[in-house]
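So the structure is just underneath, and the comments pick up after that.
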Ligand SMILES: Cc1cc2nc3c(=O)[nH]c(=O)nc-3n(C[C@H](O)[C@H](O)[C@H](O)COP(=O)(O)O)c2cc1C
């Protein structure tokens, strides 16, 4: 069997050392890898390592005699191009059509018949910079596969987004992209037929006092990713999100919430006034709100304008919140609305997962439940495994947010159009 040929473009980031592990994995899995490295990339890893791993000389100089046409030949040779790590500089340059070295010129000679994947790695500010965000959008619209980034501690010591996606996940993306026949790509929907979709995202925060809140670990990354996928497919998305949740990169209507009550009110009002075809309820809604606070001898109401003294013991009583999922159909202007629910469990026992999902399906009657268990989630690498359940059907396992996005995009395109 012939090996798939990967053109592996490396640009100048500390994450180059992680890219070496990915090259090694590709070679071990019988891929043929040709590395093209920018001058900056070679400041981080040496020619010897890259040639040693791939068995091929590294290409880095467009003017090298004997390989003078590599900026075209390598594009035609490859089955897939991966830029890993991709710097902000590289992304911004190619989005403008700049081709001033071999790595950028290879994008200009790319003919969009084969996958071109980009795995960004950079400081959060560089990643969220409006110029970089606009370049990413532009490249996505051209059909370039921009992989997610992970969150966590960055090389500069700051914490945030922009970390290179785990090499195992990039490997998985390469395999998926190579398997995907061009004919099965989901086609964008015409703007005039755009159906409205409401996505809730991020976690509620119940104020205890002026500075303290009762909240959860939700970041809104999944909701933001799903919003981006659905916007790109042509859906008209409203993103109802926690104040500090990750936002989609594509433009859409955004509404914020903070507390459970806030979210409940916004959700009801949006459902009553808009004709949503579907709701993706991905927000992590607190099961409890604060009933009362016992601070020493005093019983207090939660008050966002007052700070509780830390001098005495504090006991907080919680009250159960109603399930917002159960209200969606009642408040919706569209009685045929499709509901996608999320259920998280914290047990290793698969029988218990199914029990919890069945409970959601029978009580709240969503059309689809996306389930994940804490044991299959890694907050550092962003690796989440999802299981999609529909009533009366076997569940499907989805190994990344990207797969979840593809699955939901396909599902909603089928049921709504
Ligand atoms: C120590 C160090 C680490 C860097 N890490 C990154 C990075 O992770 N991402 C990035 O976009 N730029 C990073 N840079 C800046 C790029 O290396 C710089 O913009 C360079 O011009 C990129 O060139 P290239 O895109 O042609 O490889 C780093 C620079 C230094 C000195």
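The table that follows gives values for the structure above.
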| quantity | calculated |
| --- | --- |
| Residue 410 being in a helix (DSSP H, G or I) and modelled with pLDDT under 90 | yes |
| Search result, residues across segment 87-138 that are more than 16 Å from residue 149 (Cα to Cα), within 8 Å of the ligand (Cβ to nearest atom) and either assigned to a loop (DSSP other than H, G, I, E, B) or in contact with a helix residue (DSSP H, G or I) (Cβ under 6 Å, 6 or more places away or on another chain) (or both) | 93, 101, 104 |
| Strands (runs of 3 or more DSSP E) fully within segment 236-317 counting 1 or more residues that are under 27 Å from the mean Cα position of the chain (by Cα) | 236-242, 253-257, 276-281 |
| Test result for residue 300, surrounded by 15 or more Cβ atoms within 10 Å (Cβ to Cβ) and assigned by TED's automatic domain parsing to the domain that holds residue 265 | no |
| So residue 83, is it near the ligand (Cβ under 10 Å from one of its atoms) and not in a helix (DSSP H, G or I) | yes |
| Residue, farthest from the chain's Cα centre (by Cα), within segment 55-80, restricted to residues that are buried (at least 19 other Cβ atoms within 10 Å of the Cβ) and away from the ligand (no atom under 13 Å from the Cβ) | 70 |
| Among the candidates 189, 199, residue that is at pLDDT below 65, closer than 30 Å to residue 266 by Cα and surrounded by 15 or more Cβ atoms within 10 Å (Cβ to Cβ) | 189 |
| Among (1) within 16 Å of residue 285 (Cβ to Cβ); (2) touching a helix residue (DSSP H, G or I) at 6+ places or on another chain (Cβ under 9 Å); (3) not in a loop (DSSP other than H, G, I, E, B) - the single one residue 329 does not satisfy | (1) |
| Selection status of residue 237, surrounded by 16 or more Cβ atoms within 10 Å (Cβ to Cβ) and over 19 Å from residue 321 (Cβ atoms) | yes |
| Residues of segment 22-49 satisfying the condition of being assigned to a helix (DSSP H, G or I) and more than 16 Å from the ligand (Cβ to nearest atom) | 23, 24, 25, 26, 27, 28, 48, 49 |
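Residues checked against (1) at pLDDT 70 or above; (2) assigned by TED's automatic domain parsing to the domain that holds residue 384; (3) in a loop (DSSP other than H, G, I, E, B); (4) more than 20 Å from residue 229 (Cα to Cα):
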| position | (1), (2), (3), (4) |
| --- | --- |
| 143 | yes, no, yes, no |
| 148 | yes, no, yes, no |
| 152 | no, no, no, yes |
| 157 | no, no, yes, yes |
| 162 | yes, no, no, no |
| 165 | yes, no, yes, no |
| 170 | yes, no, no, no |
| 177 | yes, no, no, no |
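Each row is one residue, and each column tells you yes or no for (1) surrounded by 15 or more Cβ atoms within 10 Å (Cβ to Cβ); (2) touching a strand residue (DSSP E or B) at 6+ places or on another chain (Cβ under 6 Å).
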| position | (1), (2) |
| --- | --- |
| 324 | yes, no |
| 327 | yes, no |
| 330 | no, no |
| 335 | no, no |
| 343 | yes, yes |
| 350 | no, no |
| 353 | yes, yes |
| 362 | no, no |
| 370 | yes, yes |
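The values are calculated or read from the model by the stated rules, or taken from the named source; none is laboratory data. Since this is a predicted model, take the numbers as computed values, not measurements. In this analysis, Cβ positions are derived from the backbone assuming ideal geometry, glycine residues included, and neighbour counts consider all displayed protein chains.
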